[in-house]
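Reviewing the structure listed below.
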Amino acid sequence: MIFGFNTDVKHGDTVYHVQSEARESEKLLQTQVFVRGRCMGKKAISYAEQATQADYGDPQKEQQLRDLHRLVLEAIKDGRLEGILDKAEPESLAAIKELDVHWENAASVHANRNLTLQLRVTEGEAAVAGARLTFRFARPDAAPFYTQAVTDSAGRSAIVVEVDESALPDSSVMVQANHEGRTVTRKFALRKAD
């Protein structure tokens, strides 16, 4: 299983968040580009034909995903991002409902030395029950903290981590949702309350 790659890269005054992941059920490798949380476009390649070959497995898939991720990063640095993004999604992709992770309590997550993230997983607009969530909490001067949870019947789950509020501006949370072979990965920046 490939977890995926997430990189922030700056071009001019804009910070781009580049997220790459394998979409196993569709046999796609996909890179998405976000600016301030808004998806600016995608680049996807199919590995369906290669998947039938005996010598094609996770190492080859991971290398292809790394190459795709690097291609998009270099395009951003060179100011030619729009030239490499998919112009329009193929019809077969347009019909696929994608998983998404929503951060429901983004405005109020820290109290009593605890960071509480309330998340909801959806597919299209429908709640996804039984999605497996993997959390990676990174903070300064400490090893990353990992934990897992499963969404309830409303597609919701919560994670609580003990952390001092002063560490929040230098911390981040990465969440991967996995359901029936489909995955989505989101990175959330944290900040100290005003």
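Observations, loosely collected:
- Of everything in the stretch 36-52 that is surrounded by 12 or more Cβ atoms within 10 Å (Cβ to Cβ) and out of contact with any Lys or Arg (no Cβ under 7 Å at 6 or more places or on another chain), the residue that is modelled with the lowest pLDDT is Met40.
- Residue pairs meeting the criteria (Cβ under 6 Å; at least 6 apart or on separate chains; first at positive phi, in the stretch 33-49; second in a strand (DSSP E or B) and surrounded by 11 or more Cβ atoms within 10 Å (Cβ to Cβ)): Gly41/Val33
- Leu73 vs. criteria closer than 15 Å to Val33 by Cα, in contact (Cβ under 8 Å) with a residue 60 or more places away in the chain and not acidic (Asp, Glu): yes
- Residue match in the stretch 52-65 (condition: on the phi > 0 side of the Ramachandran plot and free of Cβ contacts under 8 Å to residues at least 24 places away in the same chain): no
- Filtering the stretch 111-139 to residues that are surrounded by 19 or more Cβ atoms within 10 Å (Cβ to Cβ) and under 18 Å from Phe188 (Cα atoms) leaves Leu115, Leu117, Leu119, Arg120, Val121, Thr122, Leu133, Phe135, Phe137, Arg139.
- The one condition in (1) under 23 Å from Ser25 (Cβ atoms); (2) at pLDDT 80 or above that Glu125 fails to fulfil: (2)
- Selection status of Val161, assigned by TED's automatic domain parsing to the domain that holds His179 and within 23 Å of Leu28 (Cβ to Cβ): no
The values are calculated or read from the model by the stated rules, or taken from the named source; none is laboratory data. Worth saying up front: this structure is predicted, and the values here are computed from it rather than measured. Positions of Cβ are backbone-derived with ideal geometry, glycine not excepted, and every protein chain shown enters the neighbour counts.
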